[in-house]
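The values are calculated or read from the model by the stated rules, or taken from the named source; none is laboratory data. A quick note: this is a predicted structure, and the numbers were derived from the prediction, not measured. All Cβ positions, even for glycine, are placed from backbone atoms using ideal geometry, and neighbour counts span all protein chains on display. Side chains are part of the model used for accessible areas, which takes the heavy atoms of the whole protein and leaves out ligands, DNA and RNA. Shrake-Rupley method; radii C 1.70, N 1.55, O 1.52, S 1.80 Å.
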Amino acid sequence: MTASDHPARRPPPPVPLTLLTGFLGAGKTTLLNRLLRDPGLSDTAVLINEFGEIALDHLLVEKIDGDMVVLSSGCLCCNLRGDLITALEKLLRNLDNGRASFKRVIVETTGLADPAPLLQTLMQHPYLVMRFRLDGVVTLVDAVNGADTLDHHPEAVKQAAVADRIVLTKTDLLATPDGAAKREALVARLRKLNPAAPIVDAAAGEATPEALFGCGLYDPARKIPDVSRWLADEAIAAAHAQQHRHGGHDHDHHDDRHHDVNRHDDRVRAFTLATERAIPAAMLDLFLELLRSSHGPKLLRMKAIVKIEETPDRPMVLHGVQHVLHPATQLADWPDADRRTRMVFIVRDLEPKVVEELFDAFLGYTMPDRPDVAALTDNPLVPFGGRDHR
């Protein structure tokens with residue numbers, strides 16, 4: 001048998017990866033311990049920052065090599081030590097040579113970590129892009145200290161803003177009427193900050209594997225794209241419309257403060273763009289390039305499904321964090337009856353109108369006092385250099 005007679009070796013399906021984050025004291029250790037006892041997570045690899053920082057000692061049963069151990073649940077646990085790429089590559093080597101077996105990875109970050117660089121690493125590294133798929137970002141928020149944390153720590157605001165799921169912890173410590181009002185105000189604040197992320201109560205037993213995992217683009221049960229669930233564009237659009245009904249300000253009934261640009265979470269906006277029109281692929285590339293070049297650091301997260309003019313029956317799925325875009329995925333067909341281009345944005349220090357007007361310019365919907373697409377793409381001062389007419 002010649003080499004050509006061997007069937008082509010296909011890469012294994014990408015392993016779903018979840019980023020578990022939350023500010024100091026939010027209860028990541030407690031939740032992680034609880035999750036790892038669930039039989040459904042027995043085939044899970046866990047990356048943590050330092051073994052000494054997490055109370056998993058009673059679950060450790062066998063040391064494999066160096067800083068890797070197997071937990072009694074069957075999970076594999078690896079010390080992150082600040083080098084995500086090295087740790088993930090080590091896990092894959094152990095998987096490929098039979099030294100480990102896992103079907104899911106959870107990465108637990110430090111409380112002060114900005115999740116964006118970790119997400120960008122997963123989106124940019126060619127090998128990791130092939131072997132892992134981001135299932136979601138799960139952010140824990142301490143119900144007792146959450147409001148104060150959001151007021152004083154922009155990292156906590158960013159953790160909540162980019163989350164796919166938000167877990168409210170320590171609500172059992174708010175048993176009084178004042179405590180209940182405090183919890184309600186925090187939930188309202190988090191929903192304003194991130195309308196797309198469902199909020200679950202850990203103390204009420206809602207933070208189950210079913211609630212926290214399987215929130216990526218593909219429905220793990222049906223093995224098909226679930227774009228509406230992943231985008232959550234209807235929830236974001238409804239919240240954005242409510243904000244406009246209040247004249248651009250969201251009013252918190254438990255807080256007399258109005259919109260304050262110095263308040264960390266008031267600098268964050270979530271909004272959607274949608275159009276029935278098919279977009280030429282080159283035009284989409286130019287729009288994204290100009291958007292990322294001009295406002296990259298302000299784009300906390302972007303998700304989109306786009307009707308491409310050249311292949312209108314095969315939509316393009318996009319996912320970006322700040323200036324980094326995950327390699328685009330083209331679906332074999334539209335996953336539901338909604339065949340519009342839909343984009344959702346979570347931005348900081350950027351007015352939605354700026355992105356909306358740029359998008360309209362590329363679609364040809366320009367106002368008399370606004371530049372059209374030719375003025376943008378032919379301008380030698382734009383980041384991608386304009387066109388050479390010589």
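Accessible surface area normalised per residue over segment 56-209 is 41 Å², counting heavy atoms of protein chains with a 1.4 Å rolling probe.
Full extension of the segment from Arg93 to Thr121, taken as 0.36 nm per residue of separation minus the current Cα-Cα distance, would add 8.2 nm.
Computed over neighbours whose Cβ is under 9 Å from that of His319, the net charge equals +2, Lys and Arg +1, Asp and Glu -1. Residues in segment 12-19 carry Karplus couplings, in order, of x, x, x, 7, x, 10, 10, 9 Hz; the curve used is 6.51 cos²θ - 1.76 cosθ + 1.60 with θ = phi - 60°, and Gly or Pro positions show x. Listed by chain and number, the lysines whose alpha-carbon sits under 16 Å from that of Lys90, ignoring those within fewer than 8 places in the same chain, are Lys63, Lys103. List the lysines whose Cα lies under 25 Å from the Cα of Lys192, skipping any in the same chain that are fewer than 8 positions away. Answer for Lys192, where 25 Å is the Cα cut-off: Lys28, Lys158, Lys170, Lys182, Lys298, Lys303, Lys353, listed by chain and number. The residues neighbouring Val15, those whose beta-carbon lies less than 11 Å from its own, together hold a net charge of +2 under the Lys/Arg +1, Asp/Glu -1 convention.
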